[in-house]
1. Kindly point out, ordered by number, any Cys in the chain whose beta-carbon has no other cysteine beta-carbon under 4.7 Å away.
2. What number comes out for accessible area per residue over region 187-302 if the probe is 1.4 Å? Units Å², please.
3. Compute the angle between helix 290-304 and the longest alpha-carbon principal axis of the chain, please, reported from 0 to 90 degrees and rounded to the nearest 10.
4. Averaging over every viewing direction, what projected area does the convex hull of the Cα atoms of the chain cover, in nm²?
5. Please calculate the 1.4 Å probe accessible area of His240, with all protein chains present, and give it to the nearest 10 Å².
6. Can you give me the Kirkwood hydrodynamic radius for region 180-266, using every pair of distinct Cα atoms, in Å to one decimal?
7. Points 7 angstrom from Cα along the Cβ direction at Asp200 and Lys102: gap in nanometres?
8. From Cα coordinates alone, what are the radius of gyration and Dmax values for region 1-130 in angstrom?
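The values are calculated or read from the model by the stated rules, or taken from the named source; none is laboratory data. Keep in mind that this is a model prediction, so the values were computed, not measured. As a convention, Cβ positions derive from the backbone with ideal geometry for all residues, glycine included, and neighbour counts pool all protein chains shown. Heads up: the accessible areas ignore ligands, DNA and RNA and are worked out on the full protein's heavy atoms, side chains in. Shrake-Rupley method; radii C 1.70, N 1.55, O 1.52, S 1.80 Å.
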Amino acid sequence: MLAVKRALKLNNNEATLMAKHAGFRRVVFNFGLSLRTQMYSEGKLTDSKVLNEVKKVLTNHVKKQPEFAWMNQLSSRVYQNALIDLKDAFSRYRLGKAGHPKFASRRNGQSFRVDSSNGKVWLCAGNTIKIPTLGTFRLHEPLECGYVSQTFTISKKGSRWFVSFCVDAERLPVEQSQAAVGIDVGIKYVATLSNQQVFDAPKPLNQAKTKLATLQRKASKQVKGSNNQCKTYNKISRLHAQIACIRSDFLHKLTTPTAKNFKLIKIEDLNIKGMMANHKLAGAISDLGFYEFKRQLDYKCKMYGATLVLVDQWFPSSKTCSNCGTKKDMPLSIRTFDCPACGISLDRDFNASINILNWEPSA
């Protein structure tokens with residue numbers, strides 16, 4: 001499966017239509033969650049039948065009330081998919097894959113799904129896209145070729161709306177030119193490779209974060225609920241989206257060539273959740289996206305035929321000499337590894353990346 005995502009070029013009426021459907025999905029999901037919780041707590045129905053009863057109540061009673069007449073003016077596919085999302089949320093909860101479903105909030109993002117009830121639809125190449133039950137919309141970036149898909153997800157990021165869909169496709173095999181590499185991730189440099197390549201966080205990211213802090217201070221001093229504060233919050237929202245795009249772009253440009261060029265990739269299996277508990281490092285770890293870096297490498301290695309090896313998180317890669325194996329304490333403030341036995345002197349992160357490359361699992 002291949003995912004395709006494009007930014008929609010909407011006028012005010014079209015943007016309002018998308019916002020209404022996102023609100024429709026949120027209302028249905030929250031209403032269904034509330035009814036499901038109430039019915040299940042009363043013990044009148046088994047868990048497998050509760051969601052079916054929720055759908056009956058919403059369809060036969062709630063939607064027919066005058067105050068909910070606006071629901072009938074919007075796409076019924078949003079309504080159906082919101083209930084499917086609720087059912088899937090409880091399925092993941094029962095399997096232990098996620099926590100108990102929570103009420104949807106506009107603050108957590110606006111999105112909804114629609115699909116074609118008549119099967120898959122053909123999307124023509126060009127600057128427009130026809131979304132089932134919603135209409136035809138312009139795109140900022142054209143579709144290069146025709147696609148066939150059935151389900152579409154519309155989401156808002158910052159002030160822009162996006163449409164994404166999946167198509168059946170396979171990537172052509174890639175022949176990696178280099179054998180193996182060890183990667184050390186850190187705070188000073190996002191990634192240090194055993195072939196001496198070093199990747200630092202992009203400068204626009206630091207600049208955007210500085211601007212974000214300034215806007216947040218400005219918003220805190222403005223009158224609560226005023227038009228000026230709303231304008232500032234809109235700027236903050238757009239800046240958050242810009243920061244997310246810069247981070248995502250940087251990680252993709254780092255992980256894609258790595259998966260394409262190396263047959264074997266070794267990285268530390270870091271305990272990200274435990275590291276985030278350190279308040280001194282949590283901000284930097286979150287900004288640099290350690291978890292996302294490992295996640296992207298994982299699926300891209302499978303995509304391009306490379307092998308990803310996760311090195312034991314307790315392996316002392318930074319404390320071990322990559323030349324002779326001597327171990328010594330290495331506080332974070334010391335950036336150079338000077339071996340007391342063989343006398344070699346290496347950058348701390350580069351030394352760790354070589355150790356990661358040479359690591360072998362114990363029998």
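1. When partners are defined as cysteine Cβ atoms under 4.7 Å apart, the chain leaves Cys124, Cys145, Cys166, Cys230, Cys245, Cys301 without one.
2. Numbers: 6770 Å² over 116 residues.
With the other protein chains kept in place, region 187-302 gives 58 Å² per residue.
3. Roughly 90 degrees between the two axes.
4. Values: hull surface 98.6 nm².
If I average the Cα hull's projected area over directions, I get 24.6 nm².
5. His240 has an accessible surface of roughly 90 Å² with all protein chains in place.
6. Working: mean 1/r = 0.0654 Å⁻¹.
Roughly 15.3 Å, rounded to one decimal.
7. Roughly 3.7 nm, to one decimal.
8. Rg and Dmax of region 1-130, Cα atoms, are 16.7, 54 Å.
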